[in-house]
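Student: A single structure is presented below for examination.
The values are calculated or read from the model by the stated rules, or taken from the named source; none is laboratory data. Since this is a predicted model, take the numbers as computed values, not measurements. Reconstructed Cβ throughout: ideal geometry from the backbone, glycine too, with neighbour counts over all protein chains shown.
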Amino acid sequence: MTALSVVDYNSHPTIASIATPPGVGGLSVIRISGPKAHTVGQSISANPKRILKPRYALYTPIISPRGEEIDSGVITYFPSPDSYTGEDVIEVSCHGGNIISRQILDACFALGCEPAGPGEFTKRAFLNGKMDLLQAEAVAALIVANSSISKAANYRILSGRFSTIVNELRSILMDLVITLEAELDFTEDEITPLPTSEKVSLVSNVLSRVDSLLSTYSTGKMLTGGAVVVFVGEPNVGKSSLLNSILSEERTIVSNIPGTTRDAVEVPFLIKGFPVRFVDTAGLRDAADAVEQKGVHFSREYMNKADLLVYVSEAATDAVAPSPPNSDYLPKSSSLPVIHVLNKCDLLTNGRDRVAVDEHLFTSALTGDGITLLLETIHTRLVRSSVISEEIIITSGRHNDALRRVRSSLEITKKELDGGASTDALASDLRIAVSALDELLGVTTADDILDNIFSKFCIGK
Ligand SMILES: Nc1nc2c(ncn2[C@@H]2O[C@H](COP(=O)(O)OP(=O)(O)OP(=O)(O)O)[C@@H](O)[C@H]2O)c(=O)[nH]1
Ligand SMILES: [Mg+2]
């Protein structure tokens, strides 16, 4: 287990890596952290005085240990503890591209730095108490955010607002544990016990705040990877055409031959800033040929991992009246939300036909009719609007698991209070809730969990 405490960073190797993504760009940044950072920064600077003032941008030629000039750039020194990692940190901004930054990094290695592992700068920041685990995880989520909603949700966590809530809940529960333990140690003559009704009200209050956090997860978990929205239906109903119409491009092959789509085609998209992954699938039927069978198998697999199904049928086969939708291929008992779409509504002869089938959206991939409404309906079915305006949205399975554990021990505690359980039992169940909150913050977290969290970061962060 790792307890959050100031780590003796002098015993750590000094790490270096390129913090900017590879490729051609205006600037690259090399980051160095650890006890040798200052010396390395001085050694690669050809500035005659080589004095690195704290947080001062020194424009200087940058040299290799053999004295060859690599580039000219800016070196900034952030002395411990006022740096990202809490250690001495040097940042070198140089011209972009792959070669210059690599040569500077090689110079750092030649001067005794070691390559930084994924997330190692942030891990050191966490271990040195610069941020808690919730904030450290938010750094990784912020970098990979591909929607403004996801970015905003993770930025709020990084700025410490989730941690503040968790700390508040922890302190309410811890105060109650201390009260209960005092009641165990002293007689009623020595202290006045807290009335049971007040204990119940404290626990209920925390429980309802935990519940409201947990209620955001169904939406929040879709923010990271995008909600999986799968277009399914029988062959030739216009699934691929609908997707192309939404994207305004010919992304998937369309033809009048049933069984055109074989592979599932996945396309990222934003609806009102909310990330989705649209999946076009092979038409569902008892296919004769082996390749199509495989495609139908993929369609079913995608149906199992979907957050929402768009079940497409044809509005008209005879160009006169809408066909009743055929949902034979839908899973019979599933809580998965489904939007039923009747496509090819341009083939219907008059508007009256459209009201003939309830609860279905009419679309025409050909004319674009109904596409905006379809997107709005997808958004409404996926996103509870109240969640998006919540202060904190739970986006991580780890946070969800820990909060569920808090909830279950508080529910037990409440029942115990109602049933007059011993003070001992109450205190011990509350302690379980407190330790789940500690895990969230990373106050006590098993090393393998930490390794797992930071291994998902990119190098240089
Ligand atoms: N009139 C009309 N024709 C459409 C519409 N949507 C698709 N089609 C036509 O219907 C045929 C089948 O379209 P696709 O998009 O390939 O159908 P699909 O459901 O993807 O079919 P499979 O890939 O075989 O499962 C093509 O000839 C399209 O041009 C529509 O809204 N109106
Ligand atoms: Mg298709």
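Student: Output yes when any residue across region 45-59 is among the β-branched types (Val, Ile, Thr) and at pLDDT 95 or above, and no when none is. Working first, answer last.
Tutor: At the first step, the residues of region 45-59 found to be among the β-branched types (Val, Ile, Thr) are 51.
Cutting the leftovers down to at pLDDT 95 or above gives us none.
No, every residue in region 45-59 fails to be among the β-branched types (Val, Ile, Thr) and at pLDDT 95 or above.
Student: Moving on to the next point. In the list GLU292, GLU301, GLU250, GLU314, which residue meets the criterion of being at pLDDT below 95, more than 13 Å from ligand 1 (Cβ to nearest atom) and among the charged types (D, E, K, R)? Steps first, answer last, please.
Tutor: Values: GLU292 fails: more than 13 Å from ligand 1 (Cβ to nearest atom); GLU250 fails: more than 13 Å from ligand 1 (Cβ to nearest atom); GLU314 fails: more than 13 Å from ligand 1 (Cβ to nearest atom).
Result: GLU301 is the single residue among GLU292, GLU301, GLU250, GLU314 that is at pLDDT below 95, more than 13 Å from ligand 1 (Cβ to nearest atom) and among the charged types (D, E, K, R).
Student: Same structure again: Against the definition (of a type in the set (A, V, I, L, M, F, W, C), touching a strand residue (DSSP E or B) at 6+ places or on another chain (Cβ under 7 Å) and farther than 17 Å from SER33 by Cα), how does CYS94 come out, yes or no?
Tutor: Values: of a type in the set (A, V, I, L, M, F, W, C): yes; touching a strand residue (DSSP E or B) at 6+ places or on another chain (Cβ under 7 Å): yes; farther than 17 Å from SER33 by Cα: yes.
Here the answer is yes, as CYS94 does meet what is asked.
Student: What are the residues in region 62-99 that are assigned to a loop (DSSP other than H, G, I, E, B), touching a residue at least 40 places away in the same chain (Cβ under 8 Å) and under 16 Å from ASN47 (Cα atoms), if any? I'd like the intermediate steps shown before the answer.
Tutor: Here is the first cut: in region 62-99, the residues assigned to a loop (DSSP other than H, G, I, E, B) are 64-68, 79-88, 96-97.
Right, trim to touching a residue at least 40 places away in the same chain (Cβ under 8 Å) and you get 64-65, 79-81, 83-88, 96-97.
Residues satisfying the conditions are SER64, PRO65.
Student: Counting just the residues of region 337-367 that are buried (at least 18 other Cβ atoms within 10 Å of the Cβ), assigned to a loop (DSSP other than H, G, I, E, B) and modelled with pLDDT of 90 or more, which one comes out farthest from ligand 1 (Cβ to nearest atom)?
Tutor: If we take residues in region 337-367 being buried (at least 18 other Cβ atoms within 10 Å of the Cβ), assigned to a loop (DSSP other than H, G, I, E, B) and modelled with pLDDT of 90 or more, then THR363 is farthest from ligand 1 (Cβ to nearest atom).
Student: Quick check, is LEU243 within 30 Å of ARG407 (Cβ to Cβ) and modelled with pLDDT of 95 or more? Before you say what the answer is, go through the steps one by one.
Tutor: Values: within 30 Å of ARG407 (Cβ to Cβ): no; modelled with pLDDT of 95 or more: yes.
No.
Student: Test ARG102 against the criterion of being more than 20 Å from GLY34 (Cα to Cα), out of contact with any Asp or Glu (no Cβ under 6 Å at 6 or more places or on another chain), assigned to a helix (DSSP H, G or I) and not hydroxyl-bearing (Ser, Thr, Tyr), and give yes or no.
Tutor: Values: more than 20 Å from GLY34 (Cα to Cα): no; out of contact with any Asp or Glu (no Cβ under 6 Å at 6 or more places or on another chain): yes; assigned to a helix (DSSP H, G or I): yes; not hydroxyl-bearing (Ser, Thr, Tyr): yes.
For ARG102, the condition - more than 20 Å from GLY34 (Cα to Cα), out of contact with any Asp or Glu (no Cβ under 6 Å at 6 or more places or on another chain), assigned to a helix (DSSP H, G or I) and not hydroxyl-bearing (Ser, Thr, Tyr) - is not met.
Student: Next question. Return yes when ILE100 is in contact with a His (Cβ under 8 Å, 6 or more places away or on another chain) and more than 30 Å from ALA436 (Cβ to Cβ) and no when it is not.
Tutor: Numbers: in contact with a His (Cβ under 8 Å, 6 or more places away or on another chain): no; more than 30 Å from ALA436 (Cβ to Cβ): yes.
For ILE100, the condition - in contact with a His (Cβ under 8 Å, 6 or more places away or on another chain) and more than 30 Å from ALA436 (Cβ to Cβ) - is not met.
Student: Given the criterion in the same structural domain as LEU242 (by TED's automatic domain parsing) and over 24 Å from VAL210 (Cβ atoms), identify the matching residue among GLY460, GLY368. Walk me through it before giving the result.
Tutor: Details: GLY460 fails: in the same structural domain as LEU242 (by TED's automatic domain parsing).
The unique qualifying residue is GLY368.
Student: Another question, then. Taking region 105-126 on its own, how many of its residues are in a helix (DSSP H, G or I) and under 12 Å from PHE454 (Cα atoms)? Steps first, answer last, please.
Tutor: The first filter runs over region 105-126 and keeps only residues in a helix (DSSP H, G or I), leaving 105-110, 120-126.
If we keep only those that are under 12 Å from PHE454 (Cα atoms) as well, we get 120-126.
Selection size over region 105-126: 7.
Student: Can I ask one more? Check VAL228, VAL166, VAL203 and return the single one that is at pLDDT 95 or above, more than 16 Å from ligand 1 (Cβ to nearest atom) and under 30 Å from ARG300 (Cβ atoms). Outline the logic, then answer.
Tutor: Working: VAL166 fails: under 30 Å from ARG300 (Cβ atoms); VAL203 fails: under 30 Å from ARG300 (Cβ atoms).
Result: VAL228 is the single residue among VAL228, VAL166, VAL203 that is at pLDDT 95 or above, more than 16 Å from ligand 1 (Cβ to nearest atom) and under 30 Å from ARG300 (Cβ atoms).
Student: Only residues that are exposed (fewer than 14 other Cβ atoms within 10 Å of the Cβ), part of a helix (DSSP H, G or I), polar (S, T, N, Q) and over 24 Å from the mean Cα position of the chain (by Cα): list them for region 140-190, please.
Tutor: SER171
Student: Further question on the same structure: Need pairs with beta-carbon distance below 6 Å; first residue assigned by TED's automatic domain parsing to the domain that holds LEU361 and within region 236-257, second within 10 Å of ligand 2 (Cβ to nearest atom) and among the aliphatic types (A, V, I, L, M); sequence gap 6+ or separate chains.
Tutor: VAL237/VAL312; LYS239/VAL312; SER240/VAL254; SER241/VAL254; THR252/LEU243; THR252/VAL265
Student: Which of the residues belonging to region 395-413 are surrounded by 15 or more Cβ atoms within 10 Å (Cβ to Cβ), among the basic types (Lys, Arg) and modelled with pLDDT of 95 or more?
Tutor: Within region 395-413, ARG405, ARG407 meet the criteria.
Student: Of the residues ARG398, ARG405, which is out of contact with any Gly (no Cβ under 9 Å at 6 or more places or on another chain), of a type in the set (D, E, K, R), in a helix (DSSP H, G or I) and within 27 Å of SER201 (Cα to Cα)? It would help to see each step written out before you state the result.
Tutor: Numbers: ARG398 fails: within 27 Å of SER201 (Cα to Cα).
Residue meeting the stated conditions: ARG405.
Student: Look at GLU301 and say whether it is more than 14 Å from ligand 2 (Cβ to nearest atom), closer than 29 Å to THR349 by Cα, over 19 Å from the mean Cα position of the chain (by Cα) and free of Cβ contacts under 8 Å to residues at least 40 places away in the same chain.
Tutor: Values: more than 14 Å from ligand 2 (Cβ to nearest atom): yes; closer than 29 Å to THR349 by Cα: no; over 19 Å from the mean Cα position of the chain (by Cα): yes; free of Cβ contacts under 8 Å to residues at least 40 places away in the same chain: yes.
No: the conditions fail for GLU301.
Student: Still on this structure, I have one more. Among the residues of region 25-45, write down those that are surrounded by 15 or more Cβ atoms within 10 Å (Cβ to Cβ) and in a loop (DSSP other than H, G, I, E, B).
Tutor: GLY34, PRO35, LYS36, ILE44
Student: Another question about this same structure. Need a quick list: strands (runs of 3 or more DSSP E) entirely within region 191-296 having at least 1 residues that are within 16 Å of ligand 2 (Cβ to nearest atom) and surrounded by fewer than 20 Cβ atoms within 10 Å (Cβ to Cβ).
Tutor: So the answer is 265-271.
Student: Between SER64, SER83, SER72, which is buried (at least 21 other Cβ atoms within 10 Å of the Cβ), among the small types (Gly, Ala, Ser) and either modelled with pLDDT under 95 or in the same structural domain as ALA16 (by TED's automatic domain parsing) (or both)?
Tutor: On the way: SER64 fails: buried (at least 21 other Cβ atoms within 10 Å of the Cβ); SER72 fails: buried (at least 21 other Cβ atoms within 10 Å of the Cβ).
The match here is SER83.
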